[in-house]
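The values are calculated or read from the model by the stated rules, or taken from the named source; none is laboratory data. Bear in mind the structure is a predicted one, so any value in this text is a computation, not a measurement. Counting neighbours? That spans all protein chains shown, and the Cβs are built from the backbone with ideal geometry, glycine included. Ligands, DNA and RNA are excluded from the accessible area calculation, which covers all protein heavy atoms including side chains. Shrake-Rupley method; radii C 1.70, N 1.55, O 1.52, S 1.80 Å.
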Amino acid sequence: MGEDGIEAERLDELLLGIVERHGGDPGRLLQILREAQDALTYLPAAALTVIARALGLPRARVEGVAGFYSFLHLAPVGRYRVLFSDNITDRMLGSGELLDRLCNRLWIERGKVSEDGLVSVDTTSCTGMCDQGPALLVNGRALTRLSAERIDRIGDLIRAQVPLADWPGEYFRVDDNIRRRDVLLSSQWLAGEALRAAIARGAEAMLEEMKRSNLRGRGGAGFTTHIKWESARRATGRGERPTRYVVCNADEGEPGTFKDRVLLTSYADLLFDGMSVAGFTIGASRGLVYLRAEYAYLLPSLLENLERRRQSGLLGEALCGQSGVAFDIEIHLGAGAYVCGEETALLESLEGKRGVPRIRPPFPVSEGYLGQPTVVNNVETLCKAALIAIEGGAWFAGLGTKQSTGTKLLSVSGDVESPGIYEYPFGVSLAQVLRDCGAGNAQAVQVSGPSGSCLATHEFSRRFAFEDVPTAGACMVFGAHRDMFEVARNFAHFFAHESCGFCTPCRVGTSLVAGCMDKIANGHGSQYEINEIFQIHRLLHVASHCGLGQAACNPLFDTLHRFRPAYERRLRSLDFAPAFDLDQALAAARQMTGRDDAAAHFNERPLAGEA
Amino acid sequence: MKTILLDGLPLPFADGQTIMEAATEAGIFIPHLCHHPEFKPQGSCKLCTVKANGRYVSACTLPAKDGMEVENNSPDLNDKRRTLLQMLFVEGNHFCPSCEKSGNCMLQALAYELEMLTPHFEQFYPDRPVDASHPEVLLDFNRCILCELCVRASRDVDGKNVFALSGRGIRKHLIVNAESGRLADTDFSLADKAAQVCPVGVILQKRKGFAIPIGRRRYDVEPIAMQVECAPSRTSGEQES
Ligand SMILES: Cc1cc2nc3c(=O)[nH]c(=O)nc-3n(C[C@H](O)[C@H](O)[C@H](O)COP(=O)(O)O)c2cc1C
Ligand code: SF4
Ligand code: SF4
Ligand code: FES
C-alpha cells in the first residue's frame with residue numbers, strides 16, 4: 001500500500017495512463033503533474049518517482065517542479081481545499097472575517113488540514129475577481145461575491161461532503177461587469193474575420209499595418225508590438241526542425257487585474273484570431289496560451305471554441321483554405337505562480353520546468369519556447385492586433401495619443417460604485433475614470449497593481465498613457481477611510497510569497513521587507529525599519545534578476561512618500577517629528593485642482609477600523 | 001581589438017565573452033559566488049553586480065561589448081554587495097567558528113574582503129536538518145547559499161543529476177535525487193565533480209575534518225581578491241599550492 005492507501009500497481013497504472021495521454025513528453029511535465037494531482041488530491045513521493053521514470057527525467061527535477069507551484073501539493077491536503085483570495089480589495093470587502101468565520105464553523109485552524117482530512121482553509125494571491133469579491137477557490141474552482149450567509153452555507157456543504165458539482169451554480173457565477181465599451185469591447189466581428197483580412201493583406205503588408213498602428217504591449221512593459229513580430233519573423237529557427245511560436249500570456253497574476261479574464265470569457269474568438277494573425281505574420285504554425293490556474297474554469301469553453309475553429313477551417317492545415325498556411329493553438333494551465341507572467345519564466349513553465357526567469361539576452365524573439373523564435377504577447381495586445389488586421393493600422397493610430405495609440409482596458413476595483421471593466425482611448429485622465437466609476441472619496445489609486453504606482457489626490461489629473469502614467473490596466477481605488485499602510489503591507493507579503501527565489505536580493509529582500517512591515521504593524525517599529533525599507537528598495541530595484549524583484553518595494557516607496565503619517569503613527573518612538581509638513585506640501589496641488597475639501601488635506605485621518 | 005573599460009582600465013575581450021570572463025582573464029577580481037569558470041553562467045547570487053554604461057547588470061552573464069564602460073570596485077557597488085552578503089548570512093545558519101569550511105569558504109572570504117562587520121539583518125534561523133546518510137559525505141544544508149554549482153556539476157560534468165532545487169522564494173531549498181530524500185540513496189560518489197564545487201560548507205567529506213589547520217587555509221593565506229582564477233583550475237575546499 002502507498003501512503004495514500006493506493007496500491008503501487010494501481011498508482012503505476014493511473015500515472016502511466018496520464019503520461020501516455022501527454023505523449024510521454026517531458027515538456028508537458030507541469031500538465032501531467034496537474035492531472036496526477038487531480039486524480040490523487042496530492043502528489044505523494046511515490047507518484048513523483050513513477051512520473052519521473054515514465055518521462056525519463058531525474059526524479060529530483062520532477063520534485064523541483066512540483067515544489068515550485070502553489071497549487072501543487074507534496075503533502076496530503078483536505079478533500080476540500082478552500083483558498084481565500086488575499087488581494088487587498090478582497091480584504092476591504094471583509095475576506096479576513098469570512099475566513100475566520102469559515103474556520104470557526106469547521107472547527108479548524110487556518111493553514112492546517114482537519115484531522116479527518118476533510119478540509120483545509122488558507123489564503124492565495126489575488127484570484128482576479130476583484131470586481132465581484134470577496135472571492136475564493138474550492139479545489140481550484142472560483143467562487144465569487146462571498147457573504148456571511150454564503151460562507152455558512154459553504155461550511156454546511158463541506159461538512160455534508162456535497163460534491164462541488166452539486167453546489168448552487170450561482171456561487172460560481174462570474175460576471176463580465178463591462179462598464180464602458182470602446183472600439184474593442186463594442187466590436188462584433190465573426191470568428192475568422194480578422195484572420196481572413198490578414199491573409200488577404202499578406203504577411204509583409206500585415207506587418208506594415210502593425211507598424212502603422214504603433215500598437216504597444218498591453219501586458220505592462222509597453223514594448224512596441226510590430227518590432228517584436230518583425231524580429232521573430234526575421235529570426236531563423238534552430239536545430240533540425242526550425243520553427244516559430246506565438247505565445248499568449250494569459251497569466252494575469254497582477255493583483256487587481258481582471259480584464260484578460262473578460263476577454264477570455266467573451267472575446268475568445270478575437271483573441272484566437274489575433275494569435276492566428278500573429279502566427280501568419282511571423283510565420284509560426286503553433287500557438288500556445290498560458291492560462292493561469294485561477295481561470296481553469298474557462299478551459300472547457302476555450303477548448304470548445306478551438307474545436308469549432310478547427311471544424312470551420314480557422315485552425316489546422318490550410319487556414320481559410322490557403323494551402324501552406326497552417327496554425328493550431330494549444331492551452332497550457334499554470335499552477336499558481338505570479339512570476340510565470342514574466343515572459344521568460346512563462347516559457348520555462350510552458351516547457352514543464354520551474355518558473356524561473358531566464359537570463360536575457362537572448363530574448364524570446366530569437367530564442368524562446370524550445371529555443372525557437374517566439375512572440376509573447378498579452379491577451380489584450382493580441383485582441384488589438386486582430387482589430388488592426390480588420391480596420392488597418394492608420395485607424396488604430398487615430399485613437400488615443402501619439403505615443404500611446406488605441407484604447408486600453410482598465411480593471412477598476414476597490415472603493416467605487418461600479419467596479420468592472422472600462423475601455424478608454426489612451427490619454428484619459430485618472431480623474432475622469434474615477435468620476436465614471438463613482439469613486440467618491442478616493443485618497444489613492446494603485447495603478448497597474450502592486451508593481452505599478454500609487455497615486456494620491458494631487459496626482460489624479462494625470463493621464464493614462466505610456467508617456468504619463470503607464471498601466472497594465474489595474475486601478476484599485478482606496479477611499480479616504482482606508483489605511484494605506486495596510487495596503488502596502490498586503491503588497492509586501494504578496495511579493496514575498498511570489499518571489500521565485502532565484503536571485504538573492506528578491507528572495508531574501510522581499511521577506512525582510514515583509515518582516516519590517518509586520519514589525520511596524522505590531523507597534524514595534526521605529527524610524528530604523530523605515531530606513532531599512534528604503535535601503536532594501538534601492539538594492540532590489542537595481543540588482544534583482546527580473547521585474548518582480550525590481551518592483552517589489554515600489555508600493556512601499558510610493559506610500560512612504562505620499563502617506564508617511566500612516567506609517568509614523570505606528571512607530572514606537574513617538575517623539576519623531578515628520579521631516580516636512582505633508583499637508584503644506586499639497587497646497588500647490590490643491591490650488592491646481594481647485595479643491596479644498598477634506599480629502600484634499602492630510603490632517604486628522606482616522607485610523608483603520610475607527611472609521 | 002575590442003575592449004571594455006573596467007574602472008577605467010582597458011581590457012581586451014573576444015566575442016561572446018562576458019564581462020566576468022574578460023576581467024578574469026586580465027586578473028581583475030569581480031566578487032562572485034554562483035559563478036565558476038568551468039560552468040555555464042547562472043546569474044543568481046548577484047554578487048557580481050557591476051554598472052555597465054550606467055546600468056546595473058550581472059557581470060557573469062552579460063556579454064562584453066566594444067567600448068562598454070564598466071564600474072566594478074566602487075563604494076556604491078561594494079555597499080550593495082555587502083548587503084547581499086548579509087542577506088545570505090541571515091538566510092541560512094552560518095556559525096563560522098565551528099565550520100569545517102572556515103578559511104576555505106568563499107562566502108566568508110568575501111565577507112572579509114567587503115568588510116562586512118555584522119550580519120545587520122535579523123537572523124531567519126531556518127530549520128534545515130543535516131543529511132549524514134552517505135558513507136563518505138555529509139550534507140549540512142544550514143550553509144547552503146543556493147548557488148546551484150553542485151546542481152550544474154552533477155548534471156553537466158558527472159551526468160548524474162544528484163542535486164536539484166525545490167520550493168519557491170524564501171522556501172527554496174536543495175534536494176537530492178531519491179524518493180527517500182537521502183543522499184545515501186542516490187548514486188552520488190566522493191569522486192564526483194559535484195563533491196568538489198561547493199563554495200561554502202555544505203558538501204563535506206566525512207572523517208577528513210580540519211586536515212589543514214584554520215589560519216593556514218586558502219583565504220587565510222591570501223585574500224580572495226588576490227586569487228583570480230581562470231578555467232579550469234579551482235577545486236574549492238582544497239588549498240592550492
Ligand atoms: C513579475 C511579472 C509578471 C508579469 N505578469 C504578466 C501577466 O500576467 N500578463 C502579461 O501579459 N504580462 C505580464 N508581464 C509582462 C510580460 O513579461 C511581458 O512583457 C508581456 O507578456 C509581453 O506582452 P505585451 O508586449 O503584449 O505586453 C509580467 C512581467 C513581470 C516582470
Ligand atoms: S527578482 Fe525575484 S522573481 Fe525575479 S528572478 Fe529574482 S527571485 Fe525570482
Ligand atoms: S550545496 Fe553548495 S554548491 Fe550546492 S547549491 Fe548549496 S551552496 Fe551551492
Ligand atoms: S556571480 Fe554573477 S550572479 Fe552570482
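Give me the Å³ per residue figure for the convex hull around the C-alpha atoms of the stretch B:3-73. Could the numbers behind the result be given before it?
Numbers: hull volume 5.3 nm³, N = 71.
Residue-normalised Cα hull volume stands at 75 Å³.
For the stretch A:193-210, the residues whose backbone nitrogen is under 14 Å from a point 7 Å from the Cα of A:Ala394, taken along Cα to Cβ, are A:209-210.
Report D for chain A in µm² per second (integer): Stokes-Einstein, Kirkwood Rh on Cα pairs, 20 °C, 1.002 mPa s. It would help to have the intermediate numbers written out before the result.
Numbers: Rh = 25.4 Å.
It diffuses with D of about 85 µm²/s by this estimate.
The separation of the stretch A:213-232 from the stretch B:87-152, counted between C-alpha centres, amounts to 44 Å.
So what are chain B's ellipsoid semi-axes, whole angstrom, largest first, if each one is the square root of 5 times an eigenvalue of the alpha-carbon gyration tensor?
Numbers: eigenvalues 184, 77, 63 Å².
For chain B, the semi-axes come out at 30, 20, 18 Å.
When only C-alpha pairs under 8 Å and at least 6 residues apart count, what is the relative contact order of the stretch A:8-68, in percent? Before the final figure, lay out each step's value.
Working: 43 pairs, mean separation 22.4, N = 61.
Worked out over the stretch A:8-68, it gives 37 percent.
Taking 31 Å as the cut-off for C-alpha to C-alpha distance, list the pairs among B:Lys2/B:Lys80; B:Lys101/B:Lys172; A:Lys228/B:Lys172 that go past it. Pairs exceeding 31 Å: A:Lys228/B:Lys172. For the stretch A:67-83, backbone nitrogen atoms closer than 18 Å to the point 7 Å from B:Asp185 Cα along Cα-to-C-beta are found at A:67, A:74-76.
Label sites at A:Asp175 and A:Ser526, each approximated as a point 7 angstrom past Cα along Cα to Cβ, lie 5.1 nm apart.
Surface composition of the stretch B:63-214: carbon plus sulfur atoms contribute 51% of the solvent-accessible area (1.4 Å probe, protein chains only, all chains present). The Cα center of the stretch A:10-63 and the Cα center of the stretch A:331-359 differ in position by 18 Å. Legend: residues in the stretch A:489-506 shielded by at least 30 square angstrom of accessible surface upon adding the remaining protein chains to the isolated chain (1.4 Å probe, heavy atoms) are A:Phe502, A:Thr504.
For A:Thr124, the amide hydrogen comes within under 5 Å of the amide hydrogens of A:Phe84, A:Ser85, A:Asp86, counting only partners 5 or more places away or on other chains and with H modelled in the peptide plane. Over chain B, calculate the relative contact order: mean separation of alpha carbon pairs under 8 Å at least 6 apart, over the residue count, as a percent. Across chain B, relative contact order equals 21 percent. Accessible surface for the stretch A:317-361, divided over its residues, is 31 Å² per residue with a 1.4 Å probe.
Of the accessible area of the stretch A:190-261, with the probe set at 1.4 angstrom, what percent is carbon plus sulfur?
Values: 1390 of 2990 Å².
Using a 1.4 Å probe with all protein chains present, the stretch A:190-261 comes out at 47 percent carbon and sulfur.
Per residue, chain B exposes 43 Å² of accessible surface when a 1.4 Å probe is rolled over the protein heavy atoms with every protein chain present.
Looking at the square roots a ≥ b ≥ c of the eigenvalues of the Cα gyration tensor of the stretch A:407-480, which shape do they give, rounded for a/c under 1.5, prolate if a/b is larger than b/c, or oblate? Walk me through the numbers on the way to the answer.
Values: a/c = 1.41, a/b = 1.21, b/c = 1.16.
The shape class here is rounded.
Could you sort the residues of the stretch A:41-88 by number and keep only those whose accessible area is reduced by 40 Å² or more in the all-protein-chain setting relative to the chain alone, 1.4 Å probe? Buried by the other chains: A:Pro58, A:Arg59, A:Ala60, A:Glu63. Take the Cα radius of gyration of the stretch B:64-183 and divide it by 2.2 N^0.38 Å, N being the number of residues; the result is 1.25. Remark: spin-label model distance A:Thr41-A:His561 equals 5.0 nm, labels positioned 7 Å along the Cα→Cβ axis. For the chain pair B and A, the interface hides roughly 3200 square angstrom of accessible area in total, found with a 1.4 Å probe. Mind jotting down the distance between the C-alpha centroids of the stretch A:399-422 and the stretch B:172-202, whole Å? The stretch B:172-202 and the stretch A:399-422 have Cα centres spaced 52 Å from each other. In this calculation the C-beta distance from A:Glu307 to B:Asp127 is compared with R0 = 45 Å, giving a FRET efficiency of 0.35.
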